[in-house]
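Below: the structure, in structure tokens.
The values are calculated or read from the model by the stated rules, or taken from the named source; none is laboratory data. Note that the structure is predicted; figures quoted are calculated from it, not measured. Note: ideal-geometry Cβ built from the backbone for every residue, glycine included; neighbour counts use all protein chains shown. Surface accessibility is based on the protein's heavy atoms, side chains included, excluding ligands, DNA and RNA. Shrake-Rupley method; radii C 1.70, N 1.55, O 1.52, S 1.80 Å.
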Amino acid sequence: VDLQVCTSRNLTCCTKKMEERYQMAAKQDIQQVLQTSSATLKFLISRNAAAFQETFEMLIRLAENYTSTLFCTAYRNMAAEATARVQEFFTDVGLFVFGTDISTEEFVNRFFDTLFPVVYNHVINPGLTDISLEYAECLRTARRDIRPFGNIPKKAIGQMGRSLLSSRTFLQALNLGIEVINTTDHLHLSKDCSRALLRMQYCPHCQGLMMSKPCMGYCLNIVRGCLANTAEIDLHWRGYIQSLEELSSAMSGTHDTEHVLLNFHSLVNDALVQAHNRGPELSEQVKKIRGPPVRKPTQSPGCSFDQNKDNQGLKMFSRDSEETLTNRRKEFISHLRLYRAFYGGLADHLCSNELAAADGLPCWNGEDVIKSYTRRVVGSGIKAQSANPEVKVKGTDPVISRVIDKLKHIIQV
């Protein structure tokens, strides 16, 4: 008499305690099938997020290596000071790509600002000793007015800004994809949904019907009711995959991170050549602004950069055309595209693959085993649930709403 859900006109072997245990089992079962159904999608995204992050890290190291090597081979006398600036610059590149809130324009400018005193000291106006720290600071602040490197810093800002922002957004989008799946894998089930799942999966056991499975229409009503909020992700998930596809296409060619980073050293070389060629003119400009150089009795050390340090790791970075970033992205997107309708078809997938009886077989309708389910079957999503005969759906789930907002935001970005 004290059963809450599995009430029946027939005799029953269930007690209230058993019903409560079945209730817990029904919740665990739905969590389990949700996690199983999303496992390959989640693995696809998380494996690629890790692989792309590792590739970007390797690219940044390789680009830093190329740029430091340039100073060690062509500008040896200023290599020690310059490589410290190079390290700072590529640390900023890494911070930006992996999500720190810094500006590309700012750190590219900072690199050329701090490089100018070094170039002035060794290339434009070399002396037997180094310029004083105060004089170097004056040169650093004057770099943007004097423009010793011509248009190169502006060009670097344009290239870095666009390519690094694309890579950063790509990584953020992949991490958001994982967050969306984790959220829907651990749904909060309403009381009404939990009871409906119990009635569908375990109440037949109370009548000794251990082998009967729910009718397809009955299963769809219950699971579409329980996943009504999740189905609302569908439109935004499709938009998310399409945006990733568009971003991936836009990242190739001259805006490819690989191309921009690995050619940065040649931009720096162009900047140094330009400063060298304009040496006398720049020297005059500096004298007008700051007076003649003030020197201190020290001498810059030679090249201290260890070129062999990273070579082992970098040899592993395959430059094989099959393995370029563009090809890896294309392959990933083509696999991801297969999951465009994942959220729209989730309830149907669970019923047809896991939960419901096959067509034509006797099935459970919540009260009895019958030949076929006769009640109305509703569609997916919140609006359709007002006519659901099996589950009452009240309003939107704030957790799902937050995930939808994040998807809208990344699509916008």
Could you please report the charge total around GLU232, scoring K, R as +1 and D, E as -1 over all other residues with beta-carbon less than 13 angstrom from its beta-carbon? +2
Note, GLY381: beta-carbon cut-off 13 Å, +1 each Lys/Arg, -1 each Asp/Glu, net -2
By a straight-distance test (C-alpha under 12 Å), which aspartates and glutamates pair with LYS42 as possible cross-link partners, with residues fewer than eight away in the same chain excluded? GLU179, ASP185
Can you give the extra length, in nm with one decimal, that the chain gains between ASP359 and HIS188 once fully stretched, where that is 0.36 nm per residue apart less the Cα-Cα distance? 58.5 nm
For region 356-399, with every protein chain kept in place, what is the accessible area per residue (1.4 Å probe, Å²)? 66
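Rounded, prolate or oblate, given the Cα gyration tensor of region 1-151, with a/c below 1.5 counting as rounded?
It comes out prolate by the Cα gyration axes.
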When a/c is below 1.5 the answer is rounded, else prolate if a/b is larger than b/c, else oblate, so apply that to region 170-247 with a ≥ b ≥ c taken from the square roots of the Cα gyration tensor eigenvalues. prolate
Taking Cα atoms, how many degrees apart are the long axis of helix 264-277 and the longest axis of the chain, rounded to 10 and kept between 0 and 90? 20
C-alpha long axis of helix 398-412 to longest principal axis of the chain, angle in °: 40
Tell me the per residue accessible area of region 1-125 using a 1.4 Å probe; a whole number in Å² is fine. 47
Show me, for region 328-336, the HN-Hα J-couplings you get by feeding each phi into the Karplus relation (A = 6.51, B = -1.76, C = 1.60, θ = phi - 60°), rounded to Hz, glycine and proline as x. 5, 5, 4, 5, 4, 5, 5, 6, 5
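Rounded, prolate or oblate, given the Cα gyration tensor of region 52-141, with a/c below 1.5 counting as rounded?
Details: a/c = 3.69, a/b = 1.65, b/c = 2.24.
Taking the square roots of the gyration eigenvalues as a ≥ b ≥ c, region 52-141 is oblate.
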Once phi is turned into ³J(HN,Hα) by the Karplus curve 6.51 cos²θ - 1.76 cosθ + 1.60 with θ = phi - 60°, what whole-Hz value does each residue of region 170-181 show in order, with x for glycine and proline? 4, 5, 4, 5, 5, 5, 5, x, 5, 5, 4, 5
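First compute the accessible area of region 13-94 with a 1.4 Å probe, then give the percent of it belonging to carbon and sulfur atoms.
On the way: 1990 of 3750 Å².
For region 13-94, the apolar C and S fraction of the accessible surface comes to 53 percent.
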Relative to the chain, whose Cα atoms define the longest principal axis, helix 234-250 and its Cα axis are tilted in degrees, nearest 10, by 30
So if I place +1 on the C-beta of Lys and Arg and -1 on the C-beta of Asp and Glu, and nothing else carries charge, what would the dipole magnitude of the chain be about its Cα centre? I want it in debye, nearest 20. 640
With charges only on Cβ, +1 for K and R and -1 for D and E, what is the dipole size of region 106-186 about its Cα centre, in debye, rounded to 20? 420
Which one, ILE222, LEU261, ASN277, projects farthest toward the positive side of the charge dipole computed for the chain from Cβ point charges (K/R +1, D/E -1)? ILE222
Return the label of the correct value of Kirkwood radius over Cα pairs in Å, as calculated from the structure shown, out of (i) 26.0; (ii) 31.0; (iii) 24.0. (i)
